[in-house]
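S.K.: What follows is a structure written as structure tokens; I'll ask about it next.
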Amino acid sequence: MSRPRAKKGVASQLVWYAHDQLAFWEALRRFGFSADDIYAAFYNADELFTTLKVGDKEWNVSISQGRKVPTDEYVRIYTKKCEWWNTAPNAEKRVVFERHMPVEKMTSIAMSLREKDIVIPKMPDAPDADTMALARELFGREAATVN
């Protein structure tokens, strides 16, 4: 028995969310967080989030911006995108990362993590004034990580 597929518009939105989620995952990895601490999660009646859990601290960002996401269809698409991410050439991953994670967004993430008192492993002592420069250094033109 096959699952019903999402309508084309819904499916393309879910692919966008999957790329957005992969970009957040990659960004958090570049900040030095363990892959084991980064999760895809559904909260608030099927709203899609990326969650970072570090010790007793948790940071969440809504990927679907308050919209409900069909979980089964999203999991199917996200699983395929993760498989692609783990085998794709770095140049292809870079395109997705740069489209979904501009440097300014990285600065916002860094400041949001600091507001939650989460130490960013690759920039633990940088004052806020240096956040943009460090974000450019970490995210400017580096190849995407694979693991």
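S.K.: Check off (1) under 20 Å from Ile120 (Cβ atoms); (2) touching a residue at least 40 places away in the same chain (Cβ under 8 Å); (3) among the aromatic types (Phe, Trp, Tyr) for Trp85 and give me the number that stays unchecked.
M.R.: So Trp85 meets the others, but not (1).
S.K.: Quick one: is Asp130 part of a loop (DSSP other than H, G, I, E, B), over 16 Å from Phe24 (Cβ atoms), modelled with pLDDT under 85 and not aliphatic (A, V, I, L, M)?
M.R.: On the way: part of a loop (DSSP other than H, G, I, E, B): no; over 16 Å from Phe24 (Cβ atoms): yes; modelled with pLDDT under 85: yes; not aliphatic (A, V, I, L, M): yes.
So Asp130 fails the test.
S.K.: Additional query: In the range 99-118, which residues are under 15 Å from the mean Cα position of the chain (by Cα) and at pLDDT below 90? Steps first, please.
M.R.: So in the range 99-118, the residues under 15 Å from the mean Cα position of the chain (by Cα) come out as 99-110, 112-113.
Scanning the range 99-118 gives Met101, Pro102, Val103, Glu104, Lys105, Met106, Thr107, Ser108, Ala110.
S.K.: Return the residue satisfying two criteria in turn: it lies in the range 1-29 and is of a type in the set (Ser, Thr, Tyr) and assigned to a helix (DSSP H, G or I), and of such residues it is modelled with the lowest pLDDT.
M.R.: Step one: filter the range 1-29 for residues of a type in the set (Ser, Thr, Tyr), giving 2, 12, 17.
Okay, now just the ones that are also assigned to a helix (DSSP H, G or I), so 12, 17.
Values: Ser12: 90, Tyr17: 95.
If we take residues in the range 1-29 being of a type in the set (Ser, Thr, Tyr) and assigned to a helix (DSSP H, G or I), then Ser12 is modelled with the lowest pLDDT.
S.K.: Hey, Met123 hits all of (1) modelled with pLDDT of 80 or more; (2) in contact with a Leu (Cβ under 6 Å, 6 or more places away or on another chain) but one; which does it fall short on?
M.R.: Result: Met123 fails condition (1) only.
S.K.: Determine whether the range 14-36 contains at least one residue that is hydroxyl-bearing (Ser, Thr, Tyr) and over 14 Å from the mean Cα position of the chain (by Cα). Break it down stepwise before answering.
M.R.: Let us first name the residues in the range 14-36 that are hydroxyl-bearing (Ser, Thr, Tyr), namely 17, 34.
Those still in the list that are over 14 Å from the mean Cα position of the chain (by Cα) too: none.
Checked the range 14-36: no residue is hydroxyl-bearing (Ser, Thr, Tyr) and over 14 Å from the mean Cα position of the chain (by Cα).
S.K.: I would also like to ask the following. List pairs: first residue in the range 30-45 and closer than 22 Å to Met123 by Cα and at pLDDT 90 or above, second residue small (Gly, Ala, Ser) and in a helix (DSSP H, G or I) anywhere in the structure, Cβ distance under 9 angstrom, at least six positions apart or on different chains.
M.R.: Final answer for the pair search is Phe31/Ala110.
S.K.: Working only within the range 43-101, note down all residues that are assigned to a helix (DSSP H, G or I), hydroxyl-bearing (Ser, Thr, Tyr) and loosely packed, with under 15 Cβ neighbours inside 10 Å.
M.R.: Kept after step one, since they are assigned to a helix (DSSP H, G or I), are these residues of the range 43-101: 71-87, 90-100.
Cutting the leftovers down to hydroxyl-bearing (Ser, Thr, Tyr) gives us 71, 74, 78-79, 87.
Those that are assigned to a helix (DSSP H, G or I), hydroxyl-bearing (Ser, Thr, Tyr) and loosely packed, with under 15 Cβ neighbours inside 10 Å: Thr71, Thr79, Thr87.
The values are calculated or read from the model by the stated rules, or taken from the named source; none is laboratory data. Nothing here was measured: the structure is a model prediction, and the numbers come from that model. Neighbour counts are summed over all protein chains in view; Cβ atoms, including those assigned to glycine, are modelled from backbone coordinates with ideal geometry.
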